[in-house]
Each structure stands twice: as C-alpha cells, then as structure tokens.
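See structure below.
The values are calculated or read from the model by the stated rules, or taken from the named source; none is laboratory data. Keep in mind it's a predicted model, so treat the numbers as computed, not measured. Methodologically, a virtual Cβ is constructed for each residue, glycine included, from the backbone with ideal geometry; neighbour enumeration extends over all protein chains shown. Remember, those area values only see protein heavy atoms, side chains included, never the ligands or the DNA or RNA. Shrake-Rupley method; radii C 1.70, N 1.55, O 1.52, S 1.80 Å.
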Amino acid sequence: MTHADIAFGLILAGLSAYLLFGGADFGAGLWHLASRRRRGDQEVIEHAMGPVWEANHVWLIFVLVMTWTAFPPVFADVMARHWVPLSLAVLGIVARGSTFVFAKAAPDQPWHAPIFGVSSILTPYCLGAVATTVATGKSSWLSLAGVYGGVLTTALCAYLAAVYLIWDARRIGDPDILLHFRGYALLSGVAVGLFALPGAAALGVRSPLILVSAAAGLVSLVLVVRRRYLAVRATGALAVVSVLWGAASMADLDLDGSVAQNAVLDVVFAALGVGALIIVPSMTWLYVLFQRGPAAKT
C-alpha cells in the first residue's frame, strides 16, 4: 500500500464521517422546514442537533486539509473548477449556523426557520453536485450528472436524518412524534431507492457497493416497519455511505501523479495520529454527555 493509497483512504473516511454526521444534520434541517406547523417535531430536531451540530464540520475541515496537503494539484483543480458551488455551500453553512443560533436568542423572528431550512438543502446539494461531477469526470456542476448528484445527496441526508430522529423521538417518549419520523423514514427510504438505482445504471456505476447499498436500504425499511429503531441506524448508515464509496470508485483521479512527497506525508500521518488521540475521545465524550441530557432521562 502506497502513501497515496493511505492518504486517499483517510480522505474517504473523513468524507464518510461528514456524510453520516454532518449530512444527518443537514437532513434534519430539511425536516425542520417540512415540520414548520409541528412545533413538537421541531423541538426533537433541535434537541437531536444540540451542541454537536457545529462540531460535525471538523470532518469537512479534515478532508480539506488532507486533500490540499496530500494531493495539491487535485485540490487546486477542484477548487478552481467548482468555486461557485463550493462558495454557495460555505454560504449555506454560515447562514444555517447563524440562524440556528439567532433563533434561540430571538425566537419570534419568522425568517429564521426558512433560512435554516433552505440553507440545509443548499449546502448538501452543492457538495453532492461537485462530488458527482468529479466522480463522473463531467466539466460542470450544472450538468445532468451534477444535478442528479446534488438531488441524490440531499435526499440521502434527509433519509439518514429521518432514520436517526426516530430513536431520538423514542427517547423523548412522544408516540405521535415517533410516528411522524417513522413515516418520514419510510417515505424517504422508498423515494431514495427508486431514485438512486436507475441513476446509478444511467451513470454507468458498476461497483458492487451499489448492490450493498440497495440491500442495506431494503433491510432498513424492514427494520423500521418492525420497530427496530436502534438497529436501523446502522443499516441506514451503511446504505448511505455505500453510495459514497461506490461513487469514489468511479473517480478517475491521477493520485499517484499528484501525491505529495513521502517525507511530507510521513509528517502528516504522524500529526494525524497525535491529533486522533485528542479529537476522537473528545468527540466520543461529547456524544456520550449529550445522550445523558434531560431528554434522555424522560
């Protein structure tokens, strides 16, 4: 295994973490917008995001730093070609974070929820469009492949959020809210499956990981119907992240020709090892403390 393989594997792991954690938060923002007439649903969403929603961007920062350090030409090419959608994605992150905070300080403002919801859709759409464009070798994020990837990524985030929120609603103990998110999970799961498989065939995706995603998605639907709300978190996550892995296998990137020198990567890997000793336990403990919050005791 070469230094390029290790670096790319770390980048893919960071993208997977950002999709599973940050993506679920973006999807929660979509359901927050859709539930604007159900304050109980919104309260569950806000509590589920809690103090960890902004911390999820650490995975995006990790991916950016790793890419420009390990593969500078690839990073420069992607940023130069797709600076418009990437700038829109950043704008969405800033607008989303600002309105989430301001809504707590001034809850009577009617424009907080719409901006929060729209920016929660804008960011995953733009990131998904860029990722699909890079994976398929297209030139523009406005191409058919880019639009498809943006819509699919947004839908995957919504599905993942719905699956996660079922368990949060169960912990709080409101059966009506639980049924709402259970319905969201079933509806979005079926919609994503019907949208993803034909698209994968049209784009020429040949990776067996797509079949893994389809199988995990079907199992997830069964688990939701059978009320296995904790187990479905694992199968739902596998269904979503397999799409990312399958797309990554399509990307025709000259990693060996653009990788940084081994001496540079040795320092990067050593720094990552030291950083992981701090970041991973800290993030884990943050989630543990959050799960012990007031709603978990109800």
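Results, tabulated for the structure shown:
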read-out: Candidate set from the range 58-96 (those that are of a type in the set (Gly, Ala, Ser) and in contact with a helix residue (DSSP H, G or I) (Cβ under 6 Å, 6 or more places away or on another chain)); member that is farthest from residue 268 (Cα to Cα); value: 95
read-out: Residue within the range 35-51 that is within 20 Å of residue 127 (Cα to Cα) and hydrophobic (A, V, I, L, M, F, W, C) present; value: no
read-out: Helices (runs of 4 or more DSSP H) lying entirely in the range 211-294 (those with 2 or more residues that are of a type outside the set (Ser, Thr, Tyr) and open to solvent by less than 50 Å² (accessible area, probe 1.4 Å)); value: 231-248, 262-291
read-out: Filter result for residue 270 (under 18 Å from the mean Cα position of the chain (by Cα) and at pLDDT 85 or above); value: no
read-out: Residue tally, condition of a type outside the set (A, V, I, L, M) and either open to solvent by 30 Å² or more (accessible area, probe 1.4 Å) or farther than 24 Å from residue 100 by Cα (or both), over the range 1-39; value: 12
read-out: Condition met for residue 112 (of a type outside the set (A, V, I, L, M, F, W, C), over 23 Å from residue 286 (Cα atoms), open to solvent by less than 60 Å² (accessible area, probe 1.4 Å) and touching a Leu at 6+ places or on another chain (Cβ under 6 Å)); value: no
read-out: Number of positions in the range 96-134 that are modelled with pLDDT under 90 and of a type in the set (Gly, Ala, Ser); value: 7
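This table checks each residue for (1) open to solvent by 30 Å² or more (accessible area, probe 1.4 Å); (2) among the β-branched types (Val, Ile, Thr); (3) touching a strand residue (DSSP E or B) at 6+ places or on another chain (Cβ under 7 Å); (4) part of a helix (DSSP H, G or I).
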position	(1), (2), (3), (4)
164	yes, no, no, yes
169	no, no, no, yes
184	yes, no, no, yes
197	yes, no, no, yes
206	yes, no, no, no
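Conditions tested, residue by residue: (1) within 22 Å of residue 234 (Cα to Cα); (2) surrounded by fewer than 24 Cβ atoms within 10 Å (Cβ to Cβ); (3) more than 17 Å from the chain's Cα centre (by Cα); (4) not acidic (Asp, Glu).
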{"residue": "123", "(1), (2), (3), (4)": "no, no, no, yes"}
{"residue": "153", "(1), (2), (3), (4)": "yes, no, no, yes"}
{"residue": "161", "(1), (2), (3), (4)": "yes, no, no, yes"}
{"residue": "181", "(1), (2), (3), (4)": "yes, no, yes, yes"}
